[in-house]
Each structure stands twice: as C-alpha cells, then as structure tokens.
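Just below is one structure, and these are the notes that go with it.
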Amino acid sequence: MKQLLRILMILLITLPSAAQTQSIGQWREHLPYNRGKEVADAGTKVYCATEDALFAYVKEDASIERFTKLTGLNDFGITAIAYCSDYQVLIISYSDANIDFLYNDGTVYNLPFIKEKNITGNKNINSIYIKGKLAFLACGFGIVVLDVQRQEVKDTYYIGANGSNIDVLDITIDDINIYAATDSAVFSALASGANLADYNSWSVSLSNPGNAGDYNIIQSFDGKTYVNFAKPDAVNTSSDELWLNNNGIWSQVIQPELPSWPKRRSIKELNNELIVVNDISTSIFNSLLQRTEYFDNTTYSDVQMRDAAKESNGVIWIADRGKGLVKIDNNGSKTVITPRGPYSSYTADIAIQNGRIWVAHGPRSTTWNPQEYPIDGFSLFTNGEWKSWNKTNSPSMAANNFFSNMNIAIVPGESEHIRVASVTSGMLDFNNNAFTYYSKNNSTLLPAVGNETQTIIHGIAHDESGNLWVVNSGVRDVIHVLKNDNTWRIFNMSGLGIGNPFAGYILIDQNNFKWVNFFGGGGAKTIGLLVFDDAGTIDNTNDDRKKFIDLPAASTPRCMAVDLDGQIWVGTDKGPQIIYSPSSAFDGDVTPQQILIKQDNSYQYLLELETVTAIAVDGANRKWLGTANSGVYLLSSDGQTEIHHFTAENSPIFSNNISCINIDPQTGEVFIGTDKGMISYQSDAIEGTDACENVLVYPNPVRPGYNGAIAVRGLMNNAKIKITDISGSLVYEGTALGGQAIWNGQNLKGEKVYTGVYLVFASDDAGENSCVTKLLFVK
C-alpha cells in the first residue's frame with residue numbers, strides 16, 4: 001500500500017494543475033453592501049442590515065461575515081433587525097413578513113407565522129423592539145409578540161378602533177406603559193396589563209396634530225418617552241417634529257441640538273444614553289438631554305446616516321446608506337466597512353469578455369420603462385473584486401445627468417472599453433476612466449418625439465468590425481451606428497409605417513443582419529421585429545434592406561438571442577419563439593414560431609403563459625430563459641426538455657423577476673440579474689473549441705468524501721469522452737457539454753471507482769482531433 005501511494009504521489013506531481021474554480025452547481029451572490037440601514041451590536045460582532053443584504057463585522061479579527069439565502073437565511077429584503085442579548089440571537093424581519101432567528105454560531109431558525117397567516121391588508125413588519133425574552137414586532141396590522149426563548153408567537157394585539165387593523169410603525173416600553181407609534185396617533189397601555197390583546201386596554205396618548213404625516217419612531221429614555229412626527233417628503237423634507245412625554249404630558253421639544261432637518265431616521269436608548277440619527281448627523285445625549293457627542297460630514301464625507309449604536313467602551317457604529325458600516329473609535333479615528341460587491345442592486349444588463357463582468361445599474365421592467373431614475377452607474381467584477389463608477393465617485397455622471405442605464409456593451413478586444421446606453425440621457429463611452437457622452441448635440445441621436453428633454457437609448461451591440469449599433473427609441477429612425485472611426489450615421493426607416501416606436505434590444509446575427517424588437521409606441525406597426533441589412537456598406541445606403549415582422553398570437557417581443565445554429569430565439573409575453581432561418585429574412589416568410597411541446601399526453605406551446613424577459617445561450621447550445629414571474633428555466637437546445645427551473649422558492653435566487661442573463665463562455669458561470677440584485681450559478685457547459693486547448697480536470701485530485709461533479713474543460717465542441725483506469729478498462733463514456741465534460745466518479749455499473757489514476761480521452765466526431773489527460777481519484 002505504501003508503494004502504491006508513493007507511485008500515486010509521483011503521478012500526481014505530473015498532473016496538469018487546474019486553476020481555482022467553483023464546483024458545478026455552486027451559487028455566488030453579487031449584492032451591494034454599501035446601503036446600510038440598521039445596525040445592532042451583538043457583543044463580539046456588529047450586524048449591519050443593508051437595503052439588499054446583511055453582514056457582520058467580527059470585532060476580534062476585523063473579519064466580515066455575509067448572510068444571504070446562500071448561507072441559510074430564508075428570505076430577501078430585510079425590513080428590520082434587533083439583537084436579543086439574553087439569548088444571543090438576531091431577529092430579522094423581511095419584506096414579505098417572514099422572520100428569521102440568526103444565532104451567533106450562524107444557525108438559523110425560521111418563523112414564517114405572519115408570512116403564512118391569512119391577514120387582510122398590510123402585513124409589513126416595520127420595526128422590532130426587544131424587552132427581556134420578548135420581541136415586539138410593529139406590524140402593518142398591529143403588534144405581534146414573540147417569545148424569543150421558545151421561538152414562537154406569544155400574542156397579537158389589534159389596537160385600532162374596535163380591534164381593527166392599524167399600521168404600527170414603532171414600539172417602546174417604559175417602567176409603566178407600552179407605547180405604539182402609528183400613522184395616526186400614539187397609543188399606550190399598561191405594560192403589566194392583564195389582556196393587552198383587548199383593544200379596550202389601549203387608548204390614544206398623543207393624537208395627530210392635524211397635519212399630514214405619521215409618528216414613525218418612538219423611544220423611552222430616563223423615565224420619559226420621545227416620539228418623532230414625520231411629514232411626507234412631498235410635503236416638506238424639513239418638517240420632522242420631536243415630542244416628549246414627561247409624567248403623562250406631551251410637549252414638543254425645541255432645541256438646536258435636535259434639529260428637525262433633515263429627516264430623522266433613528267432614536268435609540270443604549271447604555272443610558274440617547275442616540276439620535278438623521279440624514280446628515282448622529283448625536284449622543286445624556287439624561288439631561290445635553291449633547292455629549294456629535295458626528296456629521298466633518299467626521300467623514302458624503303454622509304447618509306440611517307442608524308447608530310454605541311458600545312460601553314465608547315466605540316460608535318453607524319449604518320450609512322453610501323458606505324455600509326462606519327466605525328468611529330473613542331479617539332475619533334474612523335473605519336469604513338463595506339464588503340465587496342457592486343454599487344447597486346439594479347441590474348439592467350450584463351456584458352462579459354475575457355473574464356471581466358460589467359453590469360449596468362438601471363431599473364428595468366418588462367416594458368423597459370423605469371419607475372425610478374438612479375445615477376447608480378455601472379460596476380466591474382474581475383478576479384473576485386468589484387469596482388464601480390457612479391454619482392459618488394464620478395461627478396461627470398451627475399453633471400451630465402446620465403442616469404437609468406439600460407444596456408452595456410464591451411468593445412471587441414478591449415475589455416476596459418465599454419459603451420453604456422441610458423433610457424433618458426443618450427450614450428456613454430467609457431475608456432480607461434475617460435468619459436465621453438453622446439446625445440443630440442454631438443451625434444445623430446434624436447430626442448424622443450413629444451419629449452425633447454430625453455434621448456432614449458435602449459439597445460447597443462458591436463459588430464465584428466467594432467462598429468457600435470444603437471437603438472434610438474421613441475423616434476422613427478431607430479437605427480444608428482457609431483463607426484469604428486468614431487463617426488456617426490443614421491438610417492432612414494421611412495416606408496415601414498413604424499411611427500415612433502418603443503424599441504428595445506438590437507441583435508446582430510451571423511448574417512450581420514440587425515434585429516430590433518418593438519414593444520409599443522406610435523404608428524401603425526408598433527409591436528413586432530424590425531430586421532435591417534446594410535449589406536456591409538455602412539456609408540452606401542442604396543443597398544440597404546429593411547423589413548417589419550409581426551409575431552404570432554399577438555405577442556410582444558421582450559428580448560432576443562442567437563444560438564449556436566444561427567437560429568434567433570425571441571422572448572415574448574407568450575413564451576419563447578424561434579426564427580429558424582434568419583438568413584431568409586428578406587426572401588420569404590420568417591415569422592417566429594412558437595415551440596410546441598408534449599406534456600401530460602397533450603400538446604401545448606412552451607411557456608405560453610410566461611413573459612420571457614431574458615435569453616442566453618450556453619456552450620452546449622442550451623437556452624437559459626429568464627421570466628417576469630417564474631424565475632429561470634434551463635432548456636435543451638431545441639427547447640423540448642426542461643433541465644432546471646430555478647425559482648426564489650427552490651433556489652437561492654433573490655426574486656422570480658429576472659431582468660437579464662449572461663454567461664461567461666470560458667467558465668460557464670451564469671450571471672442572473674433580478675429586480676433585487678445579481679446572483680451567479682456555476683453551470684456544467686462552457687464554450688467549445690476546434691481543438692483541445694489547455695485541458696484541465698477539477699477537482700484533481702479527487703479527495704476522499706467528495707461526491708460532486710468532476711469536470712474536464714478545454715475540450716473540442718461536443719467532444720466524445722472516454723475515461724479508463726490505468727489498465728485501459730472503460731469506466732465512463734459520454735459527450736461534452738460544449739467544451740466541458742462532466743463525470744460523477746462512478747463506473748458503468750454505477751459504483752464509485754477505486755483509488756487510482758484514470759485517463760481521460762477526448763476526440764471530435766471525425767476522430768481527427770484528440771487529446772488525453774490524467775486525474776487522480778482517491779476513494
């Protein structure tokens with residue numbers, strides 16, 4: 001045995017080493033951690049909830065712990081957190097009213113009681129207040145009391161008129177009373193009351209002063225109770241009022257240390273001090289309401305403070321919407337703690353080249369019509385690190401009013417050079433940190449008909465010569481091109497009756513035809529496909545061809561992709577459709593065809609009830625389809641077989657509303673954009689080659705206890721694979737998925753193979769190209 005192990009180790013030294021890669025089927029989250037909203041001190045660590053995720057800073061070694069559905073959390077979209085020190089557990093509430101108990105050792109207990117309970121109206125959990133072993137949840141219908149020790153719901157209080165629902169925004173308890181701040185008044189009851197579930201136990205303590213607004217934050221401190229009255233932003237952003245209850249008498253607090261502007265975000269009592277946070281400052285007060293500490297934009301720049309906590313040793317922790325978590329030591333030094341991630345969860349488009357993943361941060365709906373207009377810019381992910389360009393670090397974006405990014409395209413062969421399309425502001429050329437903006441003033445691009453202030457660019461794509469083709473939405477002449485000599489040309493679309501369509505993607509197929517999807521707008525033809533051919537002569541318009549194509553079943557096209565066979569897949573609001581012969585676009589009928597499948601002994605059209613919002617083609621010519629409501633489907637190359645169906649319910653993806661999908665052809669990693677952020681999945685197919693190139697096996701060696709997939713990559717496209725033991729006995733044969741083959745470590749009988757060296761043979765269909773490599777398997 002010792003001799004065998006020596007031989008195996010010698011052979012292992014000669015094996016080709018595989019670059020570090022993810023295991024097949026593994027997920028990775030790509031969430032922003034900069035938008036801090038709430039902080040909770042847990043003694044050995046500090047938790048920071050952001051608008052998109054949760055992380056913890058471990059005080060002992062300054063390490064970061066991330067918490068998402070990948071690490072055991074049960075939902076997405078945190079609304080509130082609170083730490084119960086008695087049982088060393090963080091209570092987490094989510095936007096769908098789900099609840100998690102996250103313990104210091106990382107274990108998670110889920111309590112979906114409110115989420116699953118049939119409650120009419122608002123079920124939001126607005127805040128969490130801890131008192132001993134109880135957690136009081138301020139909910140959209142009333143108050144829910146949790147027994148933290150028993151991990152169960154103890155009681156529910158409906159405190160509105162006659163026991164009706166009322167939107168409770170915050171809760172506090174003093175030595176005598178429990179207070180509930182609501183959208184209409186402050187209610188109170190004896191904390192020791194025998195039956196707080198009886199609405200008769202509650203009374204109005206402070207009524208609405210007759211102004212628009214609500215009581216949104218309440219906190220008891222040193223025998224007094226403070227409540228914030230916030231008016232809506234649309235009324236006046238500087239109208240917050242602070243009210244004080246002293247011995248049952250309410251009065252408004254008027255002090256320069258407690259300004260009403262800007263909006264107050266948090267009021268907390270910790271270690272016998274009152275912490276008050278507004279947008280631009282954090283103040284610490286003693287029991288005499290004297291301010292003892294103050295932190296604002298002189299402490300650090302671009303403050304967007306949301307919450308704060310203070311340790312007994314004087315260390316301050318601030319949740320900041322731009323920086324994540326900020327630590328301020330008692331000597332005044334500061335540390336910004338932002339786990340790596342993109343700048344924004346908005347994911348309108350993803351572009352990939354040479355391992356560089358670029359993301360355009362814009363809100364995309366199925367109609368391409370953004371409901372918000374953020375200047376969140378774009379981000380780059382490479383070698384495991386993120387870098388972003390946005391309104392905070394690139395002032396020219398704000399100066400040029402460049403927001404709501406919709407598409408992103410990498411210049412071929414120049415992975416640092418990108419173009420970004422904006423739904424309102426034209427187009428940006430970004431080359432090695434240099435910004436060039438294109439609009440109606442310096443290009444052929446046109447402002448939208450009826451809205452001269454907006455230049456709407458949705459789709460952009462490069463051809464093989466490096467010319468950038470641009471879709472100018474809201475005008476008749478929708479197709480423009482930025483040539484590789486940096487000059488522009490516009491193409492006349494008269495004669496098609498298309499009016500001023502809403503135009504989305506532009507797809508360049510293997511014939512160099514340009515395809516554009518129309519999804520509405522003015523004119524006789526507003527929903528369908530436009531195909532355009534410049535005949536390879538951009539400057540000669542005499543040989544141009546153009547055609548409008550209607551879709552079957554009155555369907556609306558949302559996205560497009562060309563597969564490895566040259567067929568065009570069109571995502572519509574009635575499922576996917578295929579153009580089988582796009583080369584015949586100008587010669588006959590090329591109407592897209594719905595995909596007929598057999599299911600449960602009957603025939604139906606594939607996903608005909610789904611809106612397909614994104615399509616990507618992997619190295620095995622399989623189709624990844626994103627939908628508006630049902631997550632992601634992986635289909636066989638012909639669409640007849642469903643291989644995977646990932647949803648928010650059965651996988652770590654954050655939402656079933658998919659905005660975009662793209663695949664790294666070299667690694668097979670599938671990047672999925674949702675309306676709640678981006679996640680990636682390590683698929684089993686990569687782009688194939690014409691001959692074996694740098695063949696790698698991973699993991700290699702296969703160590704004892706490993707039961708996952710064993711991948712062989714760098715193969716010819718759809719290569720034939722045979723794996724034998726060192727004596728030549730066949731243990732596996734199959735076909736590669738594009739340029740990668742997958743083996744489960746079992747022989748032809750379904751048994752795990754023995755310890756030893758195995759040979760992997762690969763060849764193309766004709767047997768003209770072949771290669772061999774080795775792997776060590778230790779059982």
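The values are calculated or read from the model by the stated rules, or taken from the named source; none is laboratory data. Since the structure is predicted, the reported quantities are computational estimates derived from the model, not experimental observations. Note that each Cβ is placed from the backbone with ideal geometry, even for glycine, and that neighbours are counted across all protein chains shown. Heavy atoms of the whole protein, side chains included, go into the accessibility calculation; ligands, DNA and RNA do not. Shrake-Rupley method; radii C 1.70, N 1.55, O 1.52, S 1.80 Å.
Going by average Cβ density within 10 Å per residue, which order do the peptides 346-352, 747-753 take, highest to lowest?
Order by mean packing, descending: 346-352, 747-753.
What lysines does Lys525 reach when the alpha-carbon gap must be under 27 Å and sequence neighbours fewer than 8 apart in one chain are set aside?
Lys440, Lys514, Lys546, Lys547, Lys574
Whole number in Å², please: accessible area per residue of the chain, 1.4 Å probe, ligands, DNA and RNA not counted.
41
Once you keep just the Cα pairs under 8 angstrom separated by 6 or more residues, what percentage relative contact order results for region 417-534?
Reported as a whole number, the value is 17 percent.
Can you tell me which of 78-86, 383-391, 184-192 comes out highest on packing, and rank the rest after it, using the mean Cβ neighbours within 10 Å?
My ranking of the peptides, most packed first, is 78-86, 184-192, 383-391.
Taking only DSSP H segments of four or more residues, each worth -39500 (n - 2.57), what value at 222 nm results for the chain once the sum is divided by all its residues, to the nearest 500 deg cm²/dmol?
Mean residue ellipticity, 222 nm, calculated: -500 deg cm²/dmol.
Computed FRET efficiency, Cβ-Cβ of Asp533 and Lys133, R0 56 Å: what is it to the nearest 0.05?
According to the calculation, E is roughly 0.20.
So which GluC sites (Glu not before Pro) in region 263-327 pass both tests, a DSSP loop state and at most 16 other Cβ atoms within 10 Å of the Cβ?
Hits after loop and neighbour filter: Glu311.
At a Förster distance of 45 Å, what's the computed FRET efficiency of Gln593 paired with Thr541, Cβ-Cβ distance as r, to 0.05?
Working from the Cβ atoms, E equals 0.90.
Helix 2-14 versus the longest principal axis of the chain: what is the Cα-based angle in degrees, 0 to 90, to the nearest 10?
Roughly 80 degrees, rounded to the nearest 10.
Can you tell me which lysines have their Cα less than 21 Å from the Cα of Lys720? Leave out same-chain residues fewer than eight positions away.
Hits, sequence-local ones excluded: Lys749, Lys774.
Which value in nm describes the separation of the simple spin-label points at Thr453 and Lys722, placed 7 Å from the Cα toward the beta carbon?
In this crude spin-label approximation the distance works out to 7.1 nm.
Counting other Cβ atoms within 10 Å of each Cβ, which trypsin sites (Lys or Arg not before Pro) in region 94-140 have at most 14 and sit in a DSSP loop?
Lys117, Lys133
When all alpha-carbon pairs of region 661-779 are counted, what percent fall beyond 24 Å?
Percentage above 24 Å: 30.
If I stretch the segment between Glu311 and Glu269 completely, what's the gain in nm (0.36 nm per residue apart, minus their alpha carbon distance), one decimal?
Result: 14.0 nm gained on full extension.
Determine the share of the chain's accessible area contributed by carbon and sulfur atoms, expressed in whole percent, with a 1.4 angstrom probe.
45
Explain nothing, just the number: relative contact order of the chain, from Cα pairs under 8 Å at least 6 residues apart, as a whole percent.
7
Is there a pair in Lys59/Lys676; Lys334/Lys391; Lys37/Lys327 whose C-alpha atoms are over 21 Å apart, and which pairs would that be?
In this structure, Lys59/Lys676; Lys334/Lys391 exceed 21 Å between Cα atoms.
Give the peptides 155-168, 764-777, 217-230 in descending order of average Cβ contacts within 10 Å, highest first.
217-230, 155-168, 764-777
Which of the aspartates and glutamates could be linked to Lys231 by a straight reach, that is with a Cα gap under 14 Å, when you skip same-chain ones fewer than 8 residues away?
Result set, ordered by chain and number: Asp183, Asp214, Asp240, Glu241.
With a 4.7 Å Cβ cut-off, tell me which Cys residues in the chain come up empty for a partner.
By the Cβ distance rule, which asks for a partner under 4.7 Å, the isolated cysteines are Cys48, Cys84, Cys139, Cys559, Cys660.
Which of the trypsin sites (Lys or Arg not before Pro) found in region 462-567 are in a DSSP loop and have at most 12 neighbouring Cβ atoms, other than their own, within 10 Å?
For trypsin sites (Lys or Arg not before Pro) across region 462-567 that sit outside H, G, I, E and B with at most 12 neighbouring Cβ atoms in 10 Å, the list is empty.
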